[in-house]
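The values are calculated or read from the model by the stated rules, or taken from the named source; none is laboratory data. The structure displayed is predicted, hence computed values, not measured ones. Here the Cβ positions follow ideal geometry from the backbone for every residue, glycine too, while neighbour counts run over all protein chains shown. These accessible areas exclude ligands, DNA and RNA; they are computed on the full protein's heavy atoms, side chains included. Shrake-Rupley method; radii C 1.70, N 1.55, O 1.52, S 1.80 Å.
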Amino acid sequence: MSAHDESAGGALIRFENAQRRYGEVVAVGGVTLDIAAGSFVALVGSSGSGKSTLLKMVNTLVEPTGGRVLFAGDDVTTVPQAQLRRRVGYVFQGIGLFPHYTVAENIAMGPRLAGEKLGEERIAELLELVELESDMASRMPDELSGGQRQRVGVARALANDPEILIMDEPFGALDPITRDALGEKVRELHVKLGLTTVMVTHDMAEALLLADRVLVMSAGEVVADESPRALLGGAGGEVAQSLVAVPREQAERLAHMEDNTP
Ligand code: ADP
Ligand code: MG
């Protein structure tokens, strides 16, 4: 098979029976899936279900032990690393800003590794995209709130002008209000920058509210692939519906309280 596959068509990412084992542990057990350019996909599933491993195969942080992953029709293992890093923006689980570098240096890290220097103007522009003041550029990560740090993580992932933004539980540690605001911000950036976005979250409500398509993983398999509307209508099977039940029951309880409040 040639490295470039025209049959990938409009799919920016294609998983072809992509598999990853760690010894006896099957982290991802043969996933076949297309992610269309321009879509906003949420990847939901319990801890250990294989979400991070699946996404790390896109930027070759993890290599498949079976099958393959295509990016714009090319097997990712054949795409030069520098090119892949530029085209795939990644917000890691736990963010990991470098504590001894300023905000500006953190944002400029990716381009710098690719031999490109980001000017002050571009850094200010990236900060503005995530609604941070340009004078934040000289701060150290520990001088920021959790939400601000997360915004810097997003700005850093966008620094190379990527085609796809992959976010691995980007808002996990945030309070609900900050989390909601950042979710809306990311959705807005997705539209404004014409991105393809994949976001891992364990919060089904967040997935339903932000994404066009929700994938549910369980034990290394994608067990549901539905629109938010279909999920709310009862589709997707048992694991998916058990996740949808949580925000639904909360909403029903709140509505019930409202009805019964004099
Ligand atoms: P999730 O992101 O959904 O929480 P992960 O993709 O991190 O799940 O992990 C899936 C499974 O693979 C887990 O059982 C995890 O322990 C295992 N795993 C992940 N990375 C490694 C690794 N580097 N070495 C060994 N096992 C791993
Ligand atoms: Mg994970």
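Within a straight-line Cα-Cα reach of under 18 Å, K56 can be paired with the following aspartates and glutamates, leaving aside sequence neighbours fewer than 8 residues apart in one chain: E16, D34, D74, D75, E163, D168, E169, E221. Dipole orientation for the chain: of the candidates A255, A159, T78, T78 has the Cα lying most toward the positive pole (charges on Cβ; Lys, Arg +1; Asp, Glu -1).
With the biggest extent put first, the Cα atoms of region 94-227 measure 44, 30, 28 Å across the principal axes.
Which whole-number percent gives the relative contact order of region 91-221, counting Cα pairs below 8 Å spaced six or more residues apart?
Values: 149 pairs, mean separation 35.2, N = 131.
Once normalised by length, the contact order is 27 percent.
Across every direction, the projection of the convex hull enclosing the Cα atoms of region 148-213 has a mean area of 4.1 nm². Protein heavy-atom surface of the chain, 1.4 angstrom probe: 51% of the accessible area is carbon and sulfur, with nucleic acids and ligands not counted. What relative contact order, as a whole-number percentage, does region 5-259 give when Cα pairs under 8 Å and 6 or more residues apart are counted? About 24 percent, as a whole number.
Counting only the Cα atoms, the chain fills a convex hull of 147 Å³ per residue. Average accessible surface for region 125-262: 50 Å² per residue, computed with a 1.4 Å probe over protein heavy atoms with every protein chain in place.
How much of the DSSP bridge set in the chain is antiparallel, in percent, rounded to the nearest 5?
Values: 22 of 41 bridges.
In the chain, DSSP labels about 55 percent of beta bridges as antiparallel.
Please list 207-218, 15-26 highest first by mean number of surrounding beta-carbon atoms within 10 Å per residue. Write down the numbers at each step before the final one.
Values: 207-218: 21.8, 15-26: 15.6.
Packing proxy ranking, top to bottom: 207-218, 15-26.
Length gained on full extension, S242 to T32: 73.3 nm, using 0.36 nm per residue less the C-alpha separation. Projecting the Cα atoms of S46, G23, A36 onto the charge dipole of the chain, computed from C-beta unit charges around the Cα centre, puts G23 farthest toward the positive end. Think of each Lys and Arg Cβ as +1 and each Asp and Glu Cβ as -1; about the Cα centre, that makes the dipole of region 5-259 roughly 580 debye.
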